[in-house]
Number of protein chains: 2
Amino acid sequence: MKFIQTPVKGMQDFLPSDMELRQHILAIIRGTYAQFGFNEIETPVMEHIENLTGKNGGENEKLIFKVLKRGADFQRGLAKVKADENGNLASEGDELADSALRYDLTVPLSRYYSCHKNDLPTPFKALQIGNVFRADRPQKGRFRQFTQCDIDIIGDNSNMAEIELIAATSKALTRIFSEVNVHGFTVHVNDRRILRAMALNAGFPEESVGEVFIILDKMDKIGIDGVKEELVREGYDEAAVNTYIGYFADLEDIPKDREGKEQVQIIADFITRTCGDKIEAGAADSLATIMQAAGGMIDKDITLKFDPTLVRGMGYYTGTIFEITIDNYSFSIAGGGRYDKMVGKFSGQDAPACGFSIGFERIYTILKDLNWAPKSESEKKAYLVDLKSASARVPEVFAKATAERADGRTVTVEPLKKNAKFQIDTLTKAGYTQVIKIYADTEL
Amino acid sequence: MKFIQTPVKGMQDFLPSDMELRQHILAIIRGTYAQFGFNEIETPVMEHIENLTGKNGGENEKLIFKVLKRGADFQRGLAKVKADENGNLASEGDELADSALRYDLTVPLSRYYSCHKNDLPTPFKALQIGNVFRADRPQKGRFRQFTQCDIDIIGDNSNMAEIELIAATSKALTRIFSEVNVHGFTVHVNDRRILRAMALNAGFPEESVGEVFIILDKMDKIGIDGVKEELVREGYDEAAVNTYIGYFADLEDIPKDREGKEQVQIIADFITRTCGDKIEAGAADSLATIMQAAGGMIDKDITLKFDPTLVRGMGYYTGTIFEITIDNYSFSIAGGGRYDKMVGKFSGQDAPACGFSIGFERIYTILKDLNWAPKSESEKKAYLVDLKSASARVPEVFAKATAERADGRTVTVEPLKKNAKFQIDTLTKAGYTQVIKIYADTEL
């Protein structure tokens, strides 16, 4: 059988320089979140297939990698696969798999919390960094295995959770990007309860709210006119569509600064005008508190903006939603929101939950495209032993290296290769400031 | 559909205290290997199924988790599944899977090196830390997803590679275990070429060498008499068996100290006596150099021992093999060896390679069983806001926390929960030395 050199389609190998950049970014993220009191946890990359196909993952559920059952379980599954009227076997693989690779970290966290809640603090501030898997069409910055960094607060139904999440994520991002002088972050904040009240107040029927969200979510790509056209095309009442589109007409008036009471008043007015009596009690106040408190915590050059067009794809959000964008980049680099109903699906008892996920691969790709590399902190030394003339000196060179390593230095000992120039150039590029060739008479 | 709270069978969730211990160990491993000049890399957890079923994995190949093909590929695979004479579908799943989860890090590294060798230094000193997957029967310290930490040197055919690997791995382990006052390490060293020559010299036929190794490998469990019995039972010539067993009769005479030339001479005598003219040129000298040089580098309280009973399961080893044990523990905590023929299976061109893998889960389990926890380095502070009386003070408390975090402190801000005692106890246990309850009149 022939072996294949390239990684599996859509997956990545990382060179040493890639890894240095990735670990540098991860160290900033870990350090920042630890300072905010988040506790790192880990869950397996494999999950029960039931947990991944229970409508928590939206479109992502179509992209899961299923893992084949084994042994007798596989044979029993295979026996359930039937032939159709043409004699062809018909299956989507569900009989053959009982687990799959996770598509996000939120479903595993909800399972984890419901399993271990008696051993966890309340509220529980969790950090999870791990690989997730989606059989997406591979494209730039989008992979089939990729790293996510999620913080979540479970067990806090107050909006202190949202404020901490926004402040912590903003701080991690500014720490990462200030090193490459990239600025221009916008934190977009909205609330599913406001989105819902706007749709109902415009005259859309209760059962259509989900579909209206999906169409509104395309605003970025098709613009306000595109949204209007699609709503009409889908057969919604034109009066409702016109009223709804009207709500978004003067978005420019929503201020982006976050000082003073003026912003709070303008947002309150917007909500009153667009939501009428359809808004749930407390939703408007919640948003105002978040905008004020988070506004006081994040760096001054970050824009914090109430964005009534923000939808976020996942069906599980129940309240506040947020997303972070950078000027001149077309994609968001972090997103999240409140999902108060998911833990209950595992434990039978709802627990308030809110999370913010950093799109690690996008950040990594931006920094890599800028050709940025973290500075190597320590001096590094290489001994290259010419084995033709100095093989007897190997123990001596290793003894020297051992002593220097004991002093905390980074030292490599290698045979001097035929192509010494290439070897030395590579070491120099990797940060070795001293490269010493050892011959029979080299003094050590 | 009901959701399942527990992790997938044989896989682990890690609590925050578990993660602190794991990351503490990993930081020591990363720091030590970096000091020795190893470069961290990463490969995907999924591999092409061809690469995982090509006889590089020995018994592990029976334990792979196969990943279902998707869409049209899956349907085409299903069409190839045939019914047997009884009308039952017959398949082992091979038609349905084109990738699988890796069972070790050595096969992915060989693929990686052959794919990227033009972008890598020569010799290439690689560190890979990652999860591997085996559908083993779960038992204490053995899991279906577990972390391995491998260092490998590719492109160095001299025994400087072995010396660096032994020195680096020993240093990492002593750094980890000195903190819990666990000592008594033994580094066992052998060479497949010696093992092979001993079997041939005793009179076993060429084609039986592999099976003789498998039986010898059981020495730990069944003793020398058990090995003898099993060889006879398998029908080998009794004279050959007696000669062979005789080689292992006076193992006690092989010295465990590693000072002076005496050890080298005794080992040389052993090899001459047991291998005769069957030994490959250079093998005995290679072992002697490794014992001498590595002996000079590792800590004085580590035993470095030539162990002619050491076999190591994998079929791919071509030269030196090694393993590390701790007194009073029945399992090895690290193992590896030279595998000069594997890279060639990917690139078509052999590259010398040698690796040492730390059994991370075993080390973690030992430290966890000792109830050992790394010391928290920084002072931590918690503000617990009573939202009934002091909700208006939320922005003020967050502002204070923001200022303290900017000074580098770890601060959490949370609502004061009904069960304040439990909340405060949990925070104290997690290292929060200051826990401040905020009411309407609390001074900040």
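Whether any residue in segment B:57-71 is modelled with pLDDT of 95 or more, more than 21 Å from A:Gly77 (Cα to Cα) and of a type outside the set (A, V, I, L, M, F, W, C) is what I want to check.
Looking for residues that are modelled with pLDDT of 95 or more, more than 21 Å from A:Gly77 (Cα to Cα) and of a type outside the set (A, V, I, L, M, F, W, C), one finds none in segment B:57-71, hence no.
Rundown of residues vs (1) charged (D, E, K, R); (2) more than 8 Å from chain B (Cβ to nearest Cβ), yes/no style:
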site: A:Phe74; (1), (2): no, no
site: A:Ala97; (1), (2): no, no
site: A:Ala100; (1), (2): no, yes
site: A:Arg111; (1), (2): yes, no
site: A:Pro121; (1), (2): no, no
site: A:Asp156; (1), (2): yes, no
site: A:Leu165; (1), (2): no, yes
site: A:Arg175; (1), (2): yes, yes
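Filtering segment A:350-362 down to residues that are in contact (Cβ under 8 Å) with a residue 60 or more places away in the chain and assigned to a loop (DSSP other than H, G, I, E, B), which residue is farthest from A:Cys115 (Cα to Cα)?
A:Gly359
Return yes when B:Ser158 is without any contact (Cβ under 8 Å) to a residue 24 or more places away in the chain and of a type in the set (Ser, Thr, Tyr) and no when it is not.
yes
If you scan segment B:280-334, which residues turn out to be crowded, with 17+ Cβ neighbours inside 10 Å, over 18 Å from B:Val264 (Cβ atoms) and among the aromatic types (Phe, Trp, Tyr)?
Listed by number, the residues that qualify are B:Tyr316, B:Tyr317.
Looking at this structure, is A:Leu231 in the same structural domain as A:Val209 (by TED's automatic domain parsing), in contact (Cβ under 8 Å) with a residue 24 or more places away in the chain and surrounded by 13 or more Cβ atoms within 10 Å (Cβ to Cβ)?
Considered against the rule, which asks whether it is in the same structural domain as A:Val209 (by TED's automatic domain parsing), in contact (Cβ under 8 Å) with a residue 24 or more places away in the chain and surrounded by 13 or more Cβ atoms within 10 Å (Cβ to Cβ), A:Leu231 comes out as no.
For residues that are free of Cβ contacts under 8 Å to residues at least 24 places away in the same chain and not hydrophobic (A, V, I, L, M, F, W, C), tally how many sit in segment A:380-405.
Residues flagged as free of Cβ contacts under 8 Å to residues at least 24 places away in the same chain and not hydrophobic (A, V, I, L, M, F, W, C) within segment A:380-405 amount to 6.
Hey, among A:Ser286, A:Ser330, which residue is hydroxyl-bearing (Ser, Thr, Tyr), assigned to a loop (DSSP other than H, G, I, E, B) and under 30 Å from the mean Cα position of the chain (by Cα)?
Going through A:Ser286, A:Ser330 in turn, just one is hydroxyl-bearing (Ser, Thr, Tyr), assigned to a loop (DSSP other than H, G, I, E, B) and under 30 Å from the mean Cα position of the chain (by Cα): A:Ser330.
Just to be sure, is A:Lys345 free of Cβ contacts under 8 Å to residues at least 40 places away in the same chain, within 14 Å of chain B (Cβ to nearest Cβ) and either charged (D, E, K, R) or not in a helix (DSSP H, G or I) (or both)?
No, not satisfied.
Tell me, yes or no, whether segment A:361-369 has at least one residue that is among the aliphatic types (A, V, I, L, M), closer than 30 Å to B:Glu414 by Cα and within 34 Å of the chain's Cα centre (by Cα).
yes
Residue-wise test of (1) touching a strand residue (DSSP E or B) at 6+ places or on another chain (Cβ under 8 Å); (2) acidic (Asp, Glu); (3) within 8 Å of another protein chain (Cβ to nearest Cβ).
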position	(1), (2), (3)
B:Thr365	no, no, no
B:Lys375	no, no, no
B:Ser378	yes, no, no
B:Arg409	yes, no, yes
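List pairs: first residue in segment B:73-91 and surrounded by 10 or more Cβ atoms within 10 Å (Cβ to Cβ), second residue of a type in the set (Gly, Ala, Ser) and assigned to a helix (DSSP H, G or I) anywhere in the structure, Cβ distance under 8 angstrom, at least six positions apart or on different chains.
Listed pairs, sorted by first residue: B:Asn88/A:Ala79; B:Leu89/A:Ala79.
Can you tell me which residues in segment B:157-191 are of a type in the set (D, E, K, R) and surrounded by fewer than 22 Cβ atoms within 10 Å (Cβ to Cβ)?
Across segment B:157-191, the qualifying residues are B:Arg175, B:Glu179.
Using beta carbons and a limit of 9 Å, which pairs, at least six apart or on different chains, have the first residue in segment B:124-150 and not assigned by TED's automatic domain parsing to the domain that holds B:Leu52 and at pLDDT below 95 and the second one β-branched (Val, Ile, Thr) and surrounded by fewer than 18 Cβ atoms within 10 Å (Cβ to Cβ)?
none
Give me the residue from segment A:1-45 that is of a type in the set (S, T, N, Q) and within 28 Å of B:Asp98 (Cα to Cα) and, out of that set, surrounded by the fewest Cβ atoms within 10 Å (Cβ to Cβ).
Filtering first and then ranking leaves A:Thr6.
From the set of residues in segment A:249-261 that are farther than 15 Å from A:Lys300 by Cβ and surrounded by 11 or more Cβ atoms within 10 Å (Cβ to Cβ), which is modelled with the highest pLDDT?
A:Leu251
If a residue must be part of a helix (DSSP H, G or I) and in contact (Cβ under 8 Å) with a residue 40 or more places away in the chain, how many such residues does segment A:363-379 contain?
Qualifying residue count, segment A:363-379: 6.
B:Gly10 passes all but one of (1) over 30 Å from A:Phe346 (Cβ atoms); (2) part of a loop (DSSP other than H, G, I, E, B); which number fails?
Exception for B:Gly10: condition (1).
Report yes if some residue within segment A:289-298 is modelled with pLDDT under 95 and within 21 Å of the chain's Cα centre (by Cα); otherwise report no.
Scanning segment A:289-298 turns up at least one residue that is modelled with pLDDT under 95 and within 21 Å of the chain's Cα centre (by Cα).
I want to confirm something. Restricting to segment A:403-416 and keeping residues that are crowded, with 17+ Cβ neighbours inside 10 Å and not in a strand (DSSP E or B), which single residue is modelled with the lowest pLDDT?
Of everything passing the filter in segment A:403-416, A:Arg405 is modelled with the lowest pLDDT.
Test B:Ser99 against the stated conditions and say whether it is farther than 30 Å from B:Ile298 by Cα, modelled with pLDDT under 95 and of a type in the set (Ser, Thr, Tyr).
Spelling it out, it is not the case that B:Ser99 is farther than 30 Å from B:Ile298 by Cα, modelled with pLDDT under 95 and of a type in the set (Ser, Thr, Tyr).
What number of residues within segment B:366-385 are under 16 Å from B:Val180 (Cβ atoms) and crowded, with 18+ Cβ neighbours inside 10 Å?
Going through segment B:366-385 one residue at a time, the tally reaches 2.
The values are calculated or read from the model by the stated rules, or taken from the named source; none is laboratory data. Only a predicted model underlies this, so the values are computations on that prediction, with no experimental measurement involved. Reconstructed Cβ throughout: ideal geometry from the backbone, glycine too, with neighbour counts over all protein chains shown.
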